[in-house]
Structure formats: C-alpha cells, structure tokens
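The values are calculated or read from the model by the stated rules, or taken from the named source; none is laboratory data. Just so you know, these numbers come straight off a predicted model, no measurement behind them. Cβ placement follows ideal geometry from the backbone for every residue including glycine, while neighbour counts extend to all protein chains displayed. Heads up: the accessible areas ignore ligands, DNA and RNA and are worked out on the full protein's heavy atoms, side chains in. Shrake-Rupley method; radii C 1.70, N 1.55, O 1.52, S 1.80 Å.
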Amino acid sequence: DRQTLVAVLQFLRRSNLRESEEILRREARLLGDDLGAAALSPASAGLLGGSGSDADSGEALLGRGAGAAAVAIGSSVATVATSSPGVAAVATVPPGKGETRGRCGVGASSRRDPWELGCPCAGVSPWCWNTRIGAVVVEDQPDVSAVLSAYNQQGDPTLYEEYYSGLKHFIECSLDCHRAELSQLFYPLFVHMYLELVYNQHESEAKSFFERFHGDQECYYQDDLRVLSSLTKKEHMKGNETMLDFRTSKFVLRISRDSYQLLKRHLQEKQNNQIWNIVQEHLYIDIFDGMPRSKQQIDAMVGSLAGEAKREANKAKVFFGLLKEPEFDVPLDDEDEEGENEEGKPKKKKPKKDNVGSKSKKQDPNAPPQNRIPLPELKDSDKLDKVMNMKEAARRVRLGPECLPSICFYTFLNAYQGLTAVDITDDSSMIVGGFADSTVRVWSVTPKKLRSVKTAADLSLIDKESDDVLERIMDEKTASELKILYGHSGPVYGTSFSPDRNYLLSCSEDGTVRLWSLQTFTCLVGYKGHNYPVWDTQFSPYGYYFVSGGHDRVARLWATDHYQPLRIFAGHLADVTCTRFHPNSNYIATGSADRTIRLWDVLNGNCVRIFTGHKGPIHSLAFSPNGRFLATGATDGRVLLWDIGHGLMVGELKGHTDTIYALRFSRDGEILASGSMDNTVRLWDAVKAFEDLETDDFTTATGHINLPENSQDLLLGTYMTKSTPVVHLHFTRRNLLLAAGAYSSQ
C-alpha cells in the first residue's frame with residue numbers, strides 16, 4: 001500500500017531518522033522524488049493516528065490502533081508492523097536476537113493465529129520486531145557476540161534507582177490481584193539492571209543500587225544474590241556461569257493478560273525505556289487469559305534459576321503407563337502341592353498354569369507401544385527372578401494409614417571414609433556404599449556370602465552338564481560378607497545395581513562411570529564422557545541402559561555395550577544432581593541445581609516436561625509404581641508431587657527441616673517414604689495425596705494450582721534416628737522399609 005509507505009517515510013524524515021528512512025525506501029523501491037511528490041492523503045494520515053482510549057500523546061507511541069503502523073523511536077530500529085492484509089511490513093533489527101517471538105517480550109505460545117503478526121500485540125506494540133512482509137515472517141539472525149554485548153544499551157546510570165523505585169511504587173500501589181503477579185518482575189529486573197550497570201563500568205552506581213534494593217527480593221533468591229554481590233567489575237562477568245545463564249536464558253514469567261496490559265501501559269506512559277528494553281530483551285512473558293494468580297499460587301511455582309516453565313514446555317504427550325509384562329508359565333511350588341494333598345483335598349492347582357503378568361493382560365491406554373524403544377530379551381534367570389518376585393508379592397503387606405511398614409535401618413558405623421552413596425538390590429540381598437576415599441564396598445545382607453567365580457584353570461575341570469553348575473563355578477575360598485572395589489580416583493557419588501544383580505554401576509568425581517561385575521568383583525568398563533564430576537547414575541528397570549548426570553549440566557544415556565553415550569540430554573542451567581528412569585524405561589527424570597526437574601524422552605532426546613517450584617537444588621526423585629506421578633525432594637526440605645500426564649504440581653509435603661536425599665514409594669504405591677539430613681524418615685499417605693485431583697482443562701491451561709494449606713494430615717509418621725542422616729530408602733518386595741545412612745557423631 002503505497003500511501004501508507006509514503007506516510008511512514010515522511011514521518012521518518014520529520015523525525016530525523018534518516019538511516020531508517022533510507023533502508024525503508026530501498027526495501028520498498030521508492031525514490032526520493034516520489035516521496036516529495038506524494039501528499040499525505042487523509043487515509044494514510046488516519047493510519048498514523050491512534051484509536052480510542054489506547055492512543056497516547058507524544059509521537060513516540062503514535063499509531064497503536066488495530067490496523068496501525070507502529071514506528072519505534074529512541075533507537076536505530078524502525079519497525080513498521082501492520083495487521084491489515086494488503087500492507088507490507090518492513091523491519092530493520094539489531095543482530096543477535098534469534099527468538100521465535102515478538103520483541104514485545106510476549107511468548108509465541110500465546111499467539112492466536114499463525115498469520116497474525118509474530119506476537120499477540122498484533123502491531124499494537126511499538127516495540128514489536130516480528131513483522132510480516134506479504135505472508136513472510138521476517139526474523140532477525142542470532143549473533144554469537146551478542147550474548148555479552150546485550151548490556152551495551154547505555155541508559156543514564158544515575159536514573160536506574162529512580163526507574164526501579166518508580167516501577168516498585170507502581171506495582172505496590174496496584175490492585176491486590178495484579179500486585180502478586182507483577183511482583184515477579186522485581187527479581188529479574190533487579191539482576192539485569194545491576195548487571196547492566198556493572199557491565200558498563202558504573203561501579204559505584206551498581207553498588208548503591210544493589211544495597212538499596214537487594215533486601216526487597218524474595219527469600220528464596222538469597223543464594224543467587226550472594227553470588228551476584230561478588231560480581232562488582234566487568235572482568236568478573238566474563239567467566240561466571242551464573243552470569244552467563246542469566247544472560248543467555250530468558251527469565252520466564254507467567255502473567256495474566258490484564259496484569260500485562262497494566263504494566264505495558266504504565267511503562268509506555270512513563271516513557272520508561274530502560275525497563276521496557278530489559279523486559280523485551282531478557283524476559284519471556286507467558287501470557288494467559290483468565291484470573292490473575294494469587295500470591296500463594298505463584299510462590300508454589302517460582303524459584304528456579306530461569307523463572308517458571310513456559311506452559312508450552314509441558315504440552316507434549318507423555319506415555320506414562322506401564323509396559324505389559326511378558327507372559328510365561330510359572331512352575332508350581334512343591335510345598336503348596338504337598339500342603340494341599342495332606343488335607344485330602346483334590347489337587348486344584350495342577351491345571352492352573354499361572355501366567356505371570358495375568359493381572360496386566362489389558363494394555364494400559366497410556367502405555368508406550370511395546371517396541372517404542374528396544375529393550376533386552378528376558379533371560380531364563382530373569383524369568384526365575386520374576387517368579388520369585390510374584391511369590392514374594394503374594395505375601396506382601398498391604399500398607400495404608402492403619403498399617404504402616406516396619407523400618408529396618410542400616411547404620412554405617414565408623415564410616416571415616418565418608419559415605420557418599422548407597423544402593424540396595426531389588427531383592428534386598430546386597431547393599432553397596434560409595435565412599436569419599438574412592439572405594440566402592442559391597443555387603444551381603446543375607447546369610448549367603450559373596451563369592452567370586454573360580455579361575456579359568458579351575459573352571460575347565462567342572463562338569464558343565466551338571467544341574468548345579470552355577471553353584472560349582474563359585475569359589476568358596478573367596479566367600480566373605482564384604483567386597484571392596486578399587487578403581488575410581490575420587491569420591492564415589494552414585495551407585496546402582498542392575499536388576500539382574502550381575503552388575504554394579506558407580507560414578508565419581510573423577511568424571512567416569514564404572515561398570516563392575518558382581519561375579520568376579522572386578523571392573524569391566526570405564527565410561528568416559530563427562531569431563532567433570534558425575535553426581536548420579538542409575539540402571540534402567542529393564543537393565544542394559546543406564547543414565548548419568550554431572551557437573552557439566554547434562555545427563556547422558558548409555559548402554560552397557562557401548563562405550564559412548566546413546567543420548568545427551570542438555571538443557572539444565574546448572575549441575576544435574578540426580579537421575580531416575582521412569583518404570584516403563586521410555587523416560588528419564590533429572591533433577592538439577594538450577595532448581596528444576598526435567599523429564600526427557602529416551603526415544604528422541606526431547607525434553608517433554610519442565611517442573612519448577614523447588615527453592616533449592618534437587619537431590620531426590622521417585623516415580624510412583626503406576627508411572628503416573630513423580631515425587632521430588634530438595635535442599636528446601638519440601639517434597640513436591642507432580643502429575644506427569646498433565647504436567648502439573650499436585651501436592652506439597654512440608655515437614656522436613658533439611659535436604660531430602662531419599663524418596664521411595666511402597667511397592668503398591670500407597671505410601672511415600674522420605675529420608676532427610678534432619679535425621680528423620682517420614683511416611684506420607686500417597687493415596688490421599690493423589691485422590692480428588694482437580695486437573696480440569698482450565699488448570700492445565702493456566703497452571704492455577706490449588707494446594708491444600710496443610711500437608712500434616714498426609715503425614716502418617718516421623719521416625720528419628722539418633723544422629724544418622726538418611727541417604728537411601730528401599731521397600732523390599734514384601735513392603736518392609738529399609739533405610740541407610742552413616743552415623744555422624746557431632
């Protein structure tokens with residue numbers, strides 16, 4: 001539309017924006033004399049006017065009507081964005097902002113129509129960068145050097161305190177319903193304004209800004225602020241990780257449309273460009289339609305290093321159901337048959353060739369396809385183990401509020417080597433400890449001692465056809481209750497037994513994961529992939545695969561027969577502190593020091609869930625036996641419960657006063673046990689916690705969660721140790737709870 005272009009060009013000339021005018025003219029192929037000849041027609045004049053109450057005085061904000069052409073002034077950027085179909089829109093943009101969103105700082109997730117302008121402001125915002133030419137969205141190209149230069153915008157350093165206190169005053173005076181939502185802006189703005197001052201070498205202003213406002217931030221950001229306070233010179237920023245996280249990842253705020261409009265209007269009226277620039281540049285505002293959230297609802301969800309998760313991040317479908325158990329015949333127990341005959345009853349048992357897994361004949365509708373990822377074949381020994389498991393399960397105690405489990409506590413005494421990790425085999429026959437002196441120690445907790453396989457020379461003498469060949473290959477001379485495995489060159493932070501009890505994994509500060517044979521008690525493989533300490537490792541419930549996570553911020557999926565990882569899960573902004581396989585082995589959960597939990601799809605490596613809400617690094621994860629829920633524990637002493645299918649927080653269990661290092665559901669999922677550094681084991685009513693969940697569409701869409709005020713009615717019992725922090729919990733197949741930790745004498 002030529003008239004519109006001419007009007008815009010004349011406006012640019014009047015405003016002395018020669019450069020932008022030149023670029024626009026080149027793009028539109030309009031020559032200078034055309035411009036002089038064309039008079040401003042009433043139609044194009046109308047286009048440049050505002051409409052209704054939304055129009056502001058001052059040329060800087062001219063034209064915010066629905067079909068208006070908006071021109072941003074005050075920087076070298078001219079953006080013309082219109083939503084009327086026949087008008088071409090042209091943008092010149094600075095390099096380095098490769099984002100699929102409008103410059104108005106609003107996430108693409110709230111777009112209503114793919115052909116609308118790149119963002120919901122629909123051309124209303126004079127700062128919008130995502131513009132359309134014909135039907136082509138023009139997006140700016142990212143530029144590597146832009147990461148550091150993001151703070152080059154020079155505002156007047158003396159006015160920063162005024163800007164911030166002005167916004168603070170506005171938010172504190174706004175209505176209660178908006179105040180809680182808008183208060184989320186304080187922390188990211190405070191950090192970015194402080195970093196901007198430091199980067200531009202206004203050190204005294206930065207110091208005074210920090211001292212004046214750091215006390216206003218939420219208590220759960222205190223650790224971050226401590227790191228921030230040590231950054232006082234531009235040089236400090238270069239290699240600082242926290243720094244880079246903040247600058248490269250957009251801080252996500254979830255705000256209702258009403259609150260967002262209120263904020264936008266305020267910043268535009270006040271001409272507060274410095275703050276508006278930060279909002280556009282460094283924040284991702286995830287707008288939802290509906291009631292603003294309350295302070296309590298927001299507090300439950302915020303606190304991570306990069307704000308909340310975008311709602312889009314939790315929309316992908318997750319197959320959280322369990323895989324169907326393979327069917328095979330169970331040989332009948334001799335004792336049972338004899339018992340029945342003695343009473344003179346007919347043998348009813350014989351014809352009933354019980355198919356294992358008969359209870360899960362029907363395919364779970366939420367389960368992944370059986371062959372979605374390749375799983376190892378069942379060996380005969382695995383089938384035998386499954387049979388044993390079924391028999392044990394038949395004698396399992398049904399737990400509940402009226403019937404709590406007994407707890408058997410394994411205390412490591414005189415553990416001067418420093419106990420750093422514990423694991424217990426599924427059949428509860430062995431326990432392993434990882435120690436700070438780089439050793440891995442395996443104990444038998446049954447009368448059966450640990451034995452190694454005989455030497456090759458002795459094995460050649462054995463009759464391989466005999467029934468008890470598996471017994472004969474073991475060397476009785478090596479029998480002992482404890483085996484010590486040497487190989488790591490640093491503290492061992494994670495251990496995991498394979499489901500078939502033939503192998504053991506350990507991971508260490510030395511950056512390696514080692515696979516040990518429990519037949520020979522020697523190291524079979526050292527997996528090198530992490531360059532820094534590896535904090536946790538865990539076998540898949542089906543064996544063969546395992547996962548590791550470490551200081552390099554990524555989790556890796558391995559297979560025992562590959563010396564390089566099959567998948568690398570990257571996305572956390574800090575150390576991956578704990579890892580867990582989903583019961584169906586198709587997903588992996590990772591907890592991190594960035595205070596988020598992520599769920600990864602093993603098939604394609606995608607992140608399918610991001611959970612925020614913890615106020616400290618995550619140290620424990622547990623999936624419910626049915627695969628629907630996840631429990632997480634952190635240094636903040638809270639256990640949070642998550643619905644995996646809907647991607648929502650559904651519960652918060654408060655009671656512990658220190659880091660929670662161990663979480664475990666009972667075998668049927670009725671009880672959740674948590675173990676903490678506060679020397680207690682607590683039992684929670686999982687059935688009650690997960691019943692009556694309100695997961696309607698509205699809750700899912702907006703994340704308005706309603707947690708009960710008090711989690712005490714879910715607490716079934718608290719069990720103190722004398723002075724032993726709990727580092728591991730395990731339910732036996734009959735639902736006896738085993739706990740472990742090292743006695744500390746302070």
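Taking Pro499, is it in contact with a helix residue (DSSP H, G or I) (Cβ under 9 Å, 6 or more places away or on another chain) and not small (Gly, Ala, Ser)? So Pro499 fits the description; yes. If you go through the stretch 26-41 and keep only what is at pLDDT 50 or above, over 11 Å from Arg2 (Cα atoms) and either part of a helix (DSSP H, G or I) or open to solvent by less than 100 Å² (accessible area, probe 1.4 Å) (or both), you end up with Arg26, Glu27, Gly32.
Give the residue, chosen from Leu672, Leu663, that is farther than 20 Å from Trp535 by Cα and surrounded by 22 or more Cβ atoms within 10 Å (Cβ to Cβ). Give the derivation first.
Values: Leu663 fails: farther than 20 Å from Trp535 by Cα.
Testing whether each residue is farther than 20 Å from Trp535 by Cα and surrounded by 22 or more Cβ atoms within 10 Å (Cβ to Cβ) leaves just Leu672.
Can you find, within the stretch 649-660, the residue that is farthest from Ser711 (Cα to Cα) among those that are open to solvent by less than 10 Å² (accessible area, probe 1.4 Å) and either more than 18 Å from the chain's Cα centre (by Cα) or at pLDDT below 95 (or both)?
Met649
Is there a residue being at pLDDT below 90, assigned to a loop (DSSP other than H, G, I, E, B) and not β-branched (Val, Ile, Thr) anywhere in the stretch 678-691? Yes; the residues of the stretch 678-691 include at least one that is at pLDDT below 90, assigned to a loop (DSSP other than H, G, I, E, B) and not β-branched (Val, Ile, Thr).
I need the full set of residues from the stretch 178-227 which are of a type outside the set (D, E, K, R) and in contact with a strand residue (DSSP E or B) (Cβ under 6 Å, 6 or more places away or on another chain), in order please. First the steps, then the outcome.
Just the residues of the stretch 178-227 that are of a type outside the set (D, E, K, R), to begin with: 178, 180, 182-195, 197-202, 204, 206, 208-210, 213-215, 217, 219-222, 225, 227.
Scanning the stretch 178-227 gives Gln184, Pro188.
Residue pairs whose Cβ atoms lie under 7 Å apart, separated by 6 or more positions or on different chains, with the first residue in the stretch 275-299 and farther than 19 Å from Glu218 by Cβ and the second of a type in the set (Ser, Thr, Tyr) and in a strand (DSSP E or B), are Phe288/Ser256; Gly290/Ser256; Met291/Ser256.
Out of all the residues in the stretch 167-197, which are open to solvent by 50 Å² or more (accessible area, probe 1.4 Å) and in a helix (DSSP H, G or I)? Walk me through it before giving the result.
Quick first cut of the stretch 167-197, residues open to solvent by 50 Å² or more (accessible area, probe 1.4 Å) only: 169, 172-173, 175-177, 179.
The answer is His169, Glu172, Cys173, Asp176, Cys177, Arg179.
Can you name every residue in the stretch 611-630 that is within 16 Å of His582 (Cα to Cα), among the small types (Gly, Ala, Ser) and under 15 Å from the mean Cα position of the chain (by Cα)? Give the steps one after another, and end with the answer.
Our first condition is that a residue be within 16 Å of His582 (Cα to Cα); within the stretch 611-630, this holds for 611, 620-630.
Keeping just the survivors that are among the small types (Gly, Ala, Ser) gives 620, 622, 624, 627.
Within the stretch 611-630, Ser620, Ala622 qualify.
Taken over the stretch 595-622, residues that are touching a His at 6+ places or on another chain (Cβ under 9 Å) and buried (at least 24 other Cβ atoms within 10 Å of the Cβ) amount to 4. The single condition among (1) at pLDDT 95 or above; (2) farther than 25 Å from His551 by Cβ that Leu599 does not meet is (2).
Being touching a Gly at 6+ places or on another chain (Cβ under 8 Å) and small (Gly, Ala, Ser) is true for just one of Gly675, Gly645, Gly669. Which residue is that?
Details: Gly645 fails: touching a Gly at 6+ places or on another chain (Cβ under 8 Å); Gly669 fails: touching a Gly at 6+ places or on another chain (Cβ under 8 Å).
Unique residue meeting the criteria: Gly675.
Give the stretch 532-561 a look and list any residue that's of a type outside the set (D, E, K, R), in a loop (DSSP other than H, G, I, E, B) and under 22 Å from the mean Cα position of the chain (by Cα), or say none. Let's see the steps before the verdict.
Step one: of the stretch 532-561, the residues of a type outside the set (D, E, K, R) are 532-535, 537-551, 554-555, 557-560.
Checking which are in a loop (DSSP other than H, G, I, E, B) leaves us with 532-533, 540-544, 551, 560.
Tyr532, Pro533, Ser540, Pro541, His551, listed by residue number.
Within the stretch 444-485, being basic (Lys, Arg) and within 47 Å of the chain's Cα centre (by Cα) holds for Lys448, Lys449, Arg451, Lys454, Lys483.
Scan the stretch 596-629 for residues that are of a type outside the set (Gly, Ala, Ser), part of a loop (DSSP other than H, G, I, E, B) and within 22 Å of Arg667 (Cα to Cα) and report the count. Total satisfying the criteria: 3. The set of residues from the stretch 476-504 being open to solvent by 20 Å² or more (accessible area, probe 1.4 Å), part of a strand (DSSP E or B) and under 23 Å from Cys578 (Cβ atoms) comprises Tyr493, Tyr503. Within the stretch 528-539, the set of residues being buried (at least 19 other Cβ atoms within 10 Å of the Cβ) and at pLDDT below 95 comprises His530 only.
Hand me the list of helices (runs of 4 or more DSSP H) wholly inside the stretch 198-281 holding 3 or more residues that are more than 27 Å from Gly571 (Cα to Cα) and open to solvent by less than 10 Å² (accessible area, probe 1.4 Å).
Numbers: elements: 203-213, 222-229, 234-237, 241-248, 257-269.
Ranges flagged: 203-213, 257-269.
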